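Have a look at the structure below before the remarks.
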Amino acid sequence: VQLQASGGGLVQPGGSLRLSCAASRSIFSMNVMGWYRQAPGKQRELVAAIISGDVTNYADSVKGRFTISRDNAKNTLYLQMASLKPEDTAVYYCHAKRYGVAYWGQGTQVTVSS
């Protein structure tokens, strides 16, 4: 499975962005899909995940601001980000796992700056 992330860019603090992750095949059977991010000099961290359909999990730092969703018909995972802060600046990666096999997208840069 190939994952193609898009939607990153430069946004001012308080702004919004929507990231998309298009999969090369059906995501219906994916056990877990999620978004990670990695800021310069920091470890990659989980931002949000959606498990077996509709169960979602968020990092404390993004709760109430980010929303993860998936569209099985379009084979696409989304991350709607609102009230963005400078500390949200990072490369965002989409991730999927199916029966223990993990897949990663190439990353999309999100920069929050005035």
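The values are calculated or read from the model by the stated rules, or taken from the named source; none is laboratory data. Keep in mind it's a predicted model, so treat the numbers as computed, not measured. Every residue, glycine among them, receives a Cβ derived from its backbone with ideal geometry; neighbour counts consider all protein chains shown. Side chains included, ligands, DNA and RNA excluded: accessible areas come from the protein's heavy atoms. Shrake-Rupley method; radii C 1.70, N 1.55, O 1.52, S 1.80 Å.
For the stretch 90-99, state whether one or more residues are modelled with pLDDT under 95 and over 15 Å from the mean Cα position of the chain (by Cα). Within the stretch 90-99 (the criterion being modelled with pLDDT under 95 and over 15 Å from the mean Cα position of the chain (by Cα)), the answer is yes, since at least one residue qualifies.
A quick yes/no check of all residues on (1) more than 22 Å from Gln38 (Cβ to Cβ); (2) surrounded by fewer than 20 Cβ atoms within 10 Å (Cβ to Cβ); (3) of a type in the set (D, E, K, R):
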site: Leu79; (1), (2), (3): no, no, no
site: Ala82; (1), (2), (3): no, yes, no
site: Glu87; (1), (2), (3): no, yes, yes
site: Ala90; (1), (2), (3): no, no, no
site: Ala96; (1), (2), (3): no, no, no
site: Trp104; (1), (2), (3): no, yes, no
site: Gly107; (1), (2), (3): no, yes, no
site: Ser114; (1), (2), (3): yes, yes, no
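If the condition is being of a type outside the set (A, V, I, L, M), free of Cβ contacts under 8 Å to residues at least 40 places away in the same chain and closer than 23 Å to Val1 by Cβ, then the stretch 25-66 contributes Glu45, Ser52, Gly53, Asp54, Thr56, Asn57.
State which residue is nearest to Ile50 (Cα to Cα) when the search covers only the stretch 17-35 and only residues that are open to solvent by 60 Å² or more (accessible area, probe 1.4 Å) and at pLDDT below 90. That would be Phe28.
Taking the stretch 1-16, which residues are in a strand (DSSP E or B) and surrounded by 14 or more Cβ atoms within 10 Å (Cβ to Cβ)? If the condition is that a residue be in a strand (DSSP E or B) and surrounded by 14 or more Cβ atoms within 10 Å (Cβ to Cβ), then Leu3, Gln4, Ala5, Ser6, Val11 are the ones that fit. Taken together, Ala90, Ala82 contain a single residue that is touching a residue at least 60 places away in the same chain (Cβ under 8 Å) and out of contact with any Cys (no Cβ under 7 Å at 6 or more places or on another chain), which is Ala82.
Within the stretch 48-103, the set of residues being among the hydroxyl-bearing types (Ser, Thr, Tyr) and closer than 22 Å to Val11 by Cα comprises Tyr58, Ser61, Thr67, Ser69, Tyr78, Ser83, Thr89, Tyr92, Tyr93.
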